[in-house]
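Take this structure, written in structure tokens, and hold onto it; I'll ask about it next.
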Amino acid sequence: MKTFISLSIVIVFALITLWLQDAFKETPLVPKTKQKHFPDYFMEDFSVTQLNEQGIPAYVLRAARVQHYSDNNSSEITAPHVEMHDQQGNWSIVAERAVIFGNTDIIHLYDQVKIRREKSAQREELTIDTSYLEIDTQKKIAETDRPAHISTGSMELDSQGMVFDGTRDILKLTSNVRGTHVPPK
């Protein structure tokens, strides 16, 4: 009987201890808040070069500033300038800002996006103006669903959206296409 009473007292003390421990659990003085969108690092006047399998630059990304945010693993780029190189020629793409999410090959360009293909012996200079462009740097595909203005020396086109496949050198205008063509003299 003494063992039962002793055991009962120990169990009661254990339960009281657990209850007190839970009742007086330490609460933080400053409440936990959600992590804010704050840069964990930045670079100014930087350049990144991606090489192809032969060791030749496939594209170069230059910008005035980049800020990386760890809360969503994104990089916000100010005044980006992308130069893409291939056998068909060189392309230059500029915008006011860009965003890269995670460690992907996708670059989202925003605000006054201008694409320029250099003139060559086989092709006229080509410029495309839009407000947004998504570039897949590995597949060399650029696309937008926003209005785009395309111009060469002999034509002017307006389209609601476009897809450019740089590997096959195909420009697809997706909808509401209007344009003018001036024949060479």
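The values are calculated or read from the model by the stated rules, or taken from the named source; none is laboratory data. Just so you know, these numbers come straight off a predicted model, no measurement behind them. Note that each Cβ is placed from the backbone with ideal geometry, even for glycine, and that neighbours are counted across all protein chains shown.
For the subset of the stretch 116-125 comprising residues that are basic (K, R) and within 15 Å of S92 (Cα to Cα), which member is surrounded by the most Cβ atoms within 10 Å (Cβ to Cβ)? Lay out the reasoning, then the answer.
If we filter the stretch 116-125 for residues that are basic (K, R), which is where we start, we get 116-117, 119, 123.
Remaining after also requiring within 15 Å of S92 (Cα to Cα): 116-117, 119.
Values: R116: 15, R117: 22, K119: 13.
Ranking the candidates gives R117 first.
Taking into account only those residues within the stretch 126-178 that are modelled with pLDDT under 90 and at positive phi, which is surrounded by the most Cβ atoms within 10 Å (Cβ to Cβ)?
K140
Could you check, for the stretch 93-115, whether at least one of its residues is more than 12 Å from the chain's Cα centre (by Cα), at pLDDT below 90 and either of a type outside the set (V, I, T) or surrounded by 15 or more Cβ atoms within 10 Å (Cβ to Cβ) (or both)? Don't jump to the end; show me each part of the working.
Of all residues in the stretch 93-115, those more than 12 Å from the chain's Cα centre (by Cα) come to 93-96, 111-115.
Subset that is at pLDDT below 90: none.
No.
Right, next: Those residues that are at positive phi and either at pLDDT 90 or above or surrounded by fewer than 16 Cβ atoms within 10 Å (Cβ to Cβ) (or both), I need them from the stretch 72-92; list them, please.
If the condition is that a residue be at positive phi and either at pLDDT 90 or above or surrounded by fewer than 16 Cβ atoms within 10 Å (Cβ to Cβ) (or both), then N73, A79 are the ones that fit.
May I pose another question? Which one of these does E44 not meet: (1) part of a strand (DSSP E or B); (2) under 21 Å from I141 (Cβ atoms); (3) not aliphatic (A, V, I, L, M)?
Going through (1) part of a strand (DSSP E or B); (2) under 21 Å from I141 (Cβ atoms); (3) not aliphatic (A, V, I, L, M) one by one, E44 breaks only (2).
Determine which single condition T27 fails, assuming it passes every other condition in (1) polar (S, T, N, Q); (2) exposed (fewer than 10 other Cβ atoms within 10 Å of the Cβ); (3) at pLDDT 85 or above.
With (1) polar (S, T, N, Q); (2) exposed (fewer than 10 other Cβ atoms within 10 Å of the Cβ); (3) at pLDDT 85 or above applied to T27, the lone miss is (3).
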